[in-house]
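The block underneath contains the structure these notes are about, expressed in C-alpha cells.
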Amino acid sequence: MRYRAVIFDLWQTLVPWPTERARAMYAQLAETFGADPETFQEVWIRRRREREIGPIEPHLRSIAEELALTGDLAAVMEMRRDWTYESLVPRGDAVSTLVELRGRGHRLGMISACSQDVPDVWARTPFGPLFDSAVFSCSIGFSKPDPRIYAVACEELGVEPGDCLFVGDGANDELPGAERLGMTAVQLRAPGELLTPEGERWRGRYVERLSDVLELA
C-alpha cells in the first residue's frame, strides 16, 4: 500500500458534471424567482464562490435583493436540493473503485467545493456510507486550493498529507493545492469530457478512469 488514504474531488471526478441539466436548472431557478434568465444566470455564476463558503439561504436572499426579486425562496431551495440529489449519480466505475480501495484498507476522503445542498443530501447518496471523511467547503468557510481544507480532511482521516493520494479533475487549482500541502496529486482526465482552464494547465500525472487509481494507491 503506497498511500494510507485516497482523497477524491466530487464534481467532474466522482460525478460527471451534468451540463445540460445545469442549464435547465438555471432557467428553472430564474422562473421560480421571477427573474430574467440571462440576468439571473450571470449573477448566479458570478457569485458562485460566495455560496461555496457559506450557507445557501442568506446567499439566495442576497441574490433576490440584488435583482429585486420576490419569488418563493423556499421553493428555490427545495428545487436546488432535489436537483443536486438527482445529479449526484456516480461515475460508472466510482462505487466499485471506492469499495475496492476500502477493502484494501485505505482510508477514503472527499473534498468538495460546493454549496449547502450537497451536504444536505449527501447521506442519501450512494457515496454517503463509503467515505471516512467528507469535507464540504460551504460547511467550513473556505475552499480549494486553501491548504486548510486539505488539512481538515487529513485530520479527520488521521493521516499526514504525505500519506495521501488526491484525485481530481483539476478545477479550483485543486491539484497544485494538494501538492503544496505535501499530498501526491493525480488528475482524472476522462476522455471526451471538458476540463476547466486550471485542469488544462496541469502537467502532472493523470488517469483516464477512476479504476486506474487502484494501480497507483
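The values are calculated or read from the model by the stated rules, or taken from the named source; none is laboratory data. Note that the coordinates shown come from a computational prediction; the quantities given were computed from them, not determined experimentally. Cβ: placed from backbone, ideal geometry, glycine included. Neighbour counts: every protein chain shown. Accessible surface is based on the protein model in full, side chains and every heavy atom, while ligands, DNA and RNA are left aside. Shrake-Rupley method; radii C 1.70, N 1.55, O 1.52, S 1.80 Å.
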Compute the FRET efficiency between Arg201 and Glu78 as 1/(1 + (r/R0)^6), taking r as their Cβ-Cβ distance and R0 = 41 Å, and round to the nearest 0.05.
0.60
Low-density loop chymotrypsin sites (Phe, Trp or Tyr not before Pro), region 113-217, at most 16 other Cβ within 10 Å, DSSP non-H/G/I/E/B, are Phe142
How far, in degrees from 0 to 90, does helix 19-33 lean away from the longest principal axis of the Cα atoms of the chain, to the nearest 10?
30
Using C-alpha positions alone, give me the convex hull volume of region 49-92 per residue in cubic angstrom.
88
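In region 103-179, which trypsin sites (Lys or Arg not before Pro) are in a loop and have at most 14 other Cβ atoms within 10 Å, using DSSP for the loop call?
Arg104
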Tell me what the chain gives for mean residue ellipticity at 222 nm when only DSSP H runs of n ≥ 4 count, each as -39,500 (n - 2.57), the sum divided by the residue total, rounded to 500 deg cm²/dmol.
-13000 deg cm²/dmol
Can you tell me what share of the DSSP beta bridges in region 81-217 is antiparallel? A percent to the nearest 5 is fine.
0
Going residue by residue through region 102-110, the Karplus relation 6.51 cos²θ - 1.76 cosθ + 1.60 with θ = phi - 60° gives ³J(HN,Hα) values, rounded to whole Hz and with x marking Gly or Pro, of 4, x, 7, x, 6, 7, 10, x, 9
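Report, in cubic angstrom per residue, the convex hull volume of the C-alpha atoms of region 120-202.
That works out to 113 Å³ per residue.
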With N residues in the chain, what two-decimal value do you get for its Cα radius of gyration over 2.2 N^0.38 Å?
1.03
Counting only protein heavy atoms, what percent of the accessible surface of region 107-217 is carbon or sulfur at a 1.4 Å probe?
49
With a 1.4 angstrom probe the carbon and sulfur portion of accessible area for region 1-53, in percent, totals 49
Projected label distance in nm at Val99 and Glu86, using a 7 Å step from Cα toward the beta-carbon
2.7
Solvent exposure of the chain as accessible area per residue, Å², 1.4 Å probe:
46
